[in-house]
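Following: one structure in structure tokens, then a few remarks.
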Amino acid sequence: MTTPLIIVAILLLPTLLAAAIGSILRQPSLYRLGGLIGLSAAFTFFAVGHFVMTDGMTEMLPPFVPQRPLLVYATGVLEALLAIALLVPSWRKTAGQICLVVLVVFFPVNIYAAVNGIGLGGHQWGPVYLLVRTPLQLLLIAWAYWFGVRESSSFSAPPTAIIKKGPGRDPLSLGSGGRIDSNLPVVDSHPCGAPGKLAPKTLARFVERDSSPDPHTSK
């Protein structure tokens, strides 16, 4: 029964620690990173079990499954790769989606092991272990979705302000009255079409409203 507690601790500790640090630094969204690290650590824990306790993992598979030890090793490698991919921004969402599939597809193995009282840990308790394992599996699925899939966009590039062309403004005016929302980063339109950040002097020139009339519009 200690294994479910270990898994819950692996998920919660980095999340709570990141939330506490985020509260001190006034960055409440930092808990998302902690939750992601917790998910990665959980899959690392799963992967290690496939290599350290291979015999017990093999017993959890039905006898008709071919090459059971090899399958245990292969799934361990898969879980290790997912643990790494979750921490790579460009792979994060795809890894989160695969984690969801893994958690759903592998769960029948836990059911088989518990019903037959074989395998590792609490599975030897028999079907009653599913009263613990099923909520844990649902927690893992929800965690993978929330932090691996849903929150993946939170770690991507921040939203950009829209720079509008204004009448009588050459080349650009920022919103109404030449002002810009300070809560959003500013992105300039590069002459060749590639976006780039405004230099401080350029930004100051755009933000400062020109009080002189435009010769093209005053006629």
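The values are calculated or read from the model by the stated rules, or taken from the named source; none is laboratory data. Because the structure is a prediction, the values reported are computed rather than measured. Glycine also receives a Cβ, built like all others from the backbone with ideal geometry; neighbour counts cover every protein chain displayed.
Which ones in the range 94-132 are crowded, with 19+ Cβ neighbours inside 10 Å and in contact with a Ser or Thr (Cβ under 7 Å, 6 or more places away or on another chain)?
96, 122
Go through the range 20-40 and give me each residue that's without any contact (Cβ under 8 Å) to a residue 60 or more places away in the chain and either surrounded by fewer than 18 Cβ atoms within 10 Å (Cβ to Cβ) or of a type in the set (S, T, N, Q) (or both). Explain how you work it out, then say what you get.
Within the range 20-40, the subset without any contact (Cβ under 8 Å) to a residue 60 or more places away in the chain is 20-28, 30-31, 34, 37, 40.
Selection gives 20, 21, 22, 23, 24, 25, 26, 27, 28, 40.
Scan the range 56-74 and report the pairs whose first residue is in contact (Cβ under 8 Å) with a residue 12 or more places away in the chain and whose second residue is outside any helix (DSSP H, G or I), with Cβ atoms within less than 6 Å and a gap of 6+ or a chain change.
Once the first residue is in contact (Cβ under 8 Å) with a residue 12 or more places away in the chain and sits in the range 56-74, its partners that are outside any helix (DSSP H, G or I) give 56/119; 56/120; 59/118; 59/119; 60/119.
Can residue 15 be described as out of contact with any Asp or Glu (no Cβ under 9 Å at 6 or more places or on another chain) and either on the phi > 0 side of the Ramachandran plot or buried (at least 18 other Cβ atoms within 10 Å of the Cβ) (or both)? Give the derivation first.
Numbers: out of contact with any Asp or Glu (no Cβ under 9 Å at 6 or more places or on another chain): yes; either on the phi > 0 side of the Ramachandran plot or buried (at least 18 other Cβ atoms within 10 Å of the Cβ) (or both): yes.
Spelling it out, residue 15 is indeed out of contact with any Asp or Glu (no Cβ under 9 Å at 6 or more places or on another chain) and either on the phi > 0 side of the Ramachandran plot or buried (at least 18 other Cβ atoms within 10 Å of the Cβ) (or both).
Does residue 31 count as in the same structural domain as residue 8 (by TED's automatic domain parsing), among the hydroxyl-bearing types (Ser, Thr, Tyr) and in contact with a Phe, Trp or Tyr (Cβ under 9 Å, 6 or more places away or on another chain)?
no
Restricting attention to helices (runs of 4 or more DSSP H) lying wholly within the range 53-122, give those where 1 or more residues are under 27 Å from residue 146 (Cα atoms) and out of contact with any Cys (no Cβ under 6 Å at 6 or more places or on another chain).
Output list reads 68-85, 92-116.
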